[in-house]
1. Can you tell me which of 179, 163 is assigned to a helix (DSSP H, G or I), over 29 Å from residue 27 (Cα atoms), more than 17 Å from the chain's Cα centre (by Cα) and at pLDDT 95 or above?
2. Identify the single condition in (1) closer than 25 Å to residue 111 by Cα; (2) touching a helix residue (DSSP H, G or I) at 6+ places or on another chain (Cβ under 9 Å) that residue 47 does not satisfy, given that it satisfies every other one.
3. Could you tell me how many of the residues in the range 24-70 are surrounded by 12 or more Cβ atoms within 10 Å (Cβ to Cβ), touching a residue at least 24 places away in the same chain (Cβ under 8 Å), outside any helix (DSSP H, G or I) and among the hydroxyl-bearing types (Ser, Thr, Tyr)?
4. Looking at the range 121-160 only, could you name the residues that are among the aromatic types (Phe, Trp, Tyr), outside any loop (DSSP other than H, G, I, E, B) and over 15 Å from the mean Cα position of the chain (by Cα)?
5. Of the residues that make up the range 62-69, is at least one among the basic types (Lys, Arg) and more than 30 Å from residue 180 (Cα to Cα)?
6. Can you name the condition, by its number, that residue 158 falls short on among (1) within 21 Å of residue 11 (Cα to Cα); (2) touching a helix residue (DSSP H, G or I) at 6+ places or on another chain (Cβ under 6 Å)?
7. Could you list, in sequence order, all residues of the range 115-145 that are away from the ligand (no atom under 11 Å from the Cβ) and aromatic (Phe, Trp, Tyr)?
8. So, of the residues in the range 7-17 that are touching a strand residue (DSSP E or B) at 6+ places or on another chain (Cβ under 9 Å) and closer than 20 Å to residue 102 by Cα, which turns out to be surrounded by the fewest Cβ atoms within 10 Å (Cβ to Cβ)?
Amino acid sequence: MKSLIGRSVYLRLAETSDAEFINSLRTDSQFNRYLSAVDGSVALQREWLKAYKKREHAGTEYYFIVLKRSDNTAVGSIRIYDFRLDRNSFAIGSWILNGAKTRSAALESALLCYRYGFKELGYTNCHLDVRKGNEKVISFHQKSGAALVGEDGENVYFDMSLESCDLFLNTFRRFIEPEFYE
Ligand SMILES: CC(C)(COP(=O)(O)OP(=O)(O)OC[C@H]1O[C@@H](n2cnc3c(N)ncnc32)[C@H](O)[C@@H]1OP(=O)(O)O)[C@@H](O)C(=O)NCCC(=O)NCCS
């Protein structure tokens with residue numbers, strides 16, 4: 001796996017030992033309003049991660065912890081999953097950043113996942129679903145160039161095309177190619 005290093009944060013694959021951290025993110029009422037509920041036990045989170053590691057080894061899902069470059073503190077999570085071979089598309093989700101995040105952690109973690117999904121894995125589309133009311137994330141996807149493609153009672157759906165992603169990656173390349181800008 002190529003390095004997933006941004007200007008202020010980097011991504012590494014989640015391990016079963018991250019159960020406690022992920023559980024702390026997912027059970028924090030500040031962050032979980034628009035995420036599917038978890039039951040709140042670290043043991044179950046660990047079991048979920050064990051099953052995930054099998055999917056990771058099979059190449060069907062990548063779950064990342066977001067860490068600060070300055071001191072290696074874990075500040076969040078983001079996941080690439082739901083590979084749809086019929087439309088050559090992947091999804092990004094489980095996106096949470098806590099109070100210790102850097103100002104550009106959202107931008108960097110999204111850009112790094114897009115670059116990985118499109119450029120490393122070779123997908124030509126990314127599908128995104130966002131709970132209705134999660135205005136911050138809806139606005140993020142709109143600003144990033146994703147197209148609103150549908151909605152139902154619960155969610156709004158976006159597609160990020162390869163062309164839009166290229167534009168997004170290029171516009172903000174200084175956030176994920178810091179070596180060329182430092
Ligand atoms: C989703 C989440 C990770 C996004 O992180 P965030 O830090 O809130 O993201 P923001 O949209 O505020 O973006 C951070 C900065 O990047 C900027 N930015 C984001 N996207 C941008 C874009 N496409 N173009 C330009 N600037 C952009 C923002 O303006 C903001 O800058 P500011 O700090 O100067 O205002 C975070 O809100 C979170 O953990 N939410 C709870 C969990 C959740 O609902 N997850 C989503 C499930 S779909």
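1. Working: 179 fails: at pLDDT 95 or above.
Residue meeting the stated conditions: 163.
2. Among (1) closer than 25 Å to residue 111 by Cα; (2) touching a helix residue (DSSP H, G or I) at 6+ places or on another chain (Cβ under 9 Å), the lone unmet condition for residue 47 is (1).
3. Qualifying residue count for the region: 2.
4. Of the range 121-160, the ones among the aromatic types (Phe, Trp, Tyr) are 123, 140, 157-158.
Next cut, outside any loop (DSSP other than H, G, I, E, B) only: 140, 157-158.
Within the range 121-160, just 157 meets the criteria.
5. Our first condition is that a residue be among the basic types (Lys, Arg); within the range 62-69, this holds for 68-69.
With more than 30 Å from residue 180 (Cα to Cα) added as a condition, the list becomes none.
No: the range 62-69 contains no residue that is among the basic types (Lys, Arg) and more than 30 Å from residue 180 (Cα to Cα).
6. Condition (1) is where residue 158 drops out.
7. Hits for the range 115-145 are 116, 118, 123.
8. First pass over the range 7-17, keeping only residues touching a strand residue (DSSP E or B) at 6+ places or on another chain (Cβ under 9 Å): 8-15.
Still in the running and closer than 20 Å to residue 102 by Cα: 8-14.
Working: 8: 18, 9: 28, 10: 19, 11: 25, 12: 16, 13: 14, 14: 23.
Among those that are touching a strand residue (DSSP E or B) at 6+ places or on another chain (Cβ under 9 Å) and closer than 20 Å to residue 102 by Cα, it is 13.
The values are calculated or read from the model by the stated rules, or taken from the named source; none is laboratory data. Since this is a predicted model, take the numbers as computed values, not measurements. Please note: Cβ atoms are built from the backbone with ideal geometry, for glycine as well, and neighbour counts cover all protein chains shown.
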